[in-house]
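Undergrad: First the structure, which I've put down as structure tokens, then a few questions once you've had a look.
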Amino acid sequence: MTISKTEAKQLLERMIFEQTNPQDWVEDVWGLSAVHGEISAKLLEAFYALIETCPEEKLDNFVQSLLSEKLK
């Protein structure tokens, strides 16, 4: 089964941020430390940029491999 970019983004967000909204996570980190908050904001920006620029097939393969590892 092929996973679309939208589905891949949602799955990766759930794996990384669990029940927390990614932007809320950045704000939480920022509340603890401005330096780490700035870094977390850059990481989130890079996360979304990678999803957008990654070819759908490679993104699908990556997410599928993460899911298969999680099920082992």
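The values are calculated or read from the model by the stated rules, or taken from the named source; none is laboratory data. Only a predicted model underlies this, so the values are computations on that prediction, with no experimental measurement involved. Using ideal geometry, Cβ is built from the backbone for each residue, glycine included, and neighbour counts are taken over all protein chains shown. All accessible areas refer to the heavy atoms of the entire protein, side chains included, with ligands and DNA or RNA removed. Shrake-Rupley method; radii C 1.70, N 1.55, O 1.52, S 1.80 Å.
Undergrad: Along the positive direction of the dipole of the range 5-66 (beta-carbon charges: Lys, Arg +1; Asp, Glu -1; about the Cα centre), which of Asn61, Leu44, Met15 reaches farthest?
TA: Farthest along the dipole direction, towards plus: Asn61.
Undergrad: What list of ³J(HN,Hα) values in whole Hz, one per residue of the range 50-59 in order, does the Karplus curve 6.51 cos²θ - 1.76 cosθ + 1.60 (θ = phi - 60°) give from phi, with Gly and Pro shown as x?
TA: Using θ = phi - 60°, the values come out as 5, 4, 5, 8, 6, x, 4, 5, 5, 5 Hz.
Undergrad: Run the quick spin-label model on Ser68 and Asp24: label points 7 Å from Cα toward the beta carbon, then report their separation in nm to one decimal.
TA: So the two model labels end up 3.4 nm from each other.
Undergrad: Ok, one more. If you count only protein heavy atoms with a 1.4 Å probe, what accessible area per residue comes out for the range 5-66, rounded to a whole Å²? Present the calculation step by step, with values, prior to reporting the outcome.
TA: On the way: 4380 Å² over 62 residues.
Averaged over the residues of the range 5-66, the accessible area is 71 Å².
Undergrad: Which FRET efficiency, nearest 0.05, do Asn61 and Phe17 yield, Cβ-Cβ r, R0 25 Å? Before the final figure, lay out the partial values.
TA: Working: r = 22 Å, r/R0 = 0.88.
It comes to 0.70.
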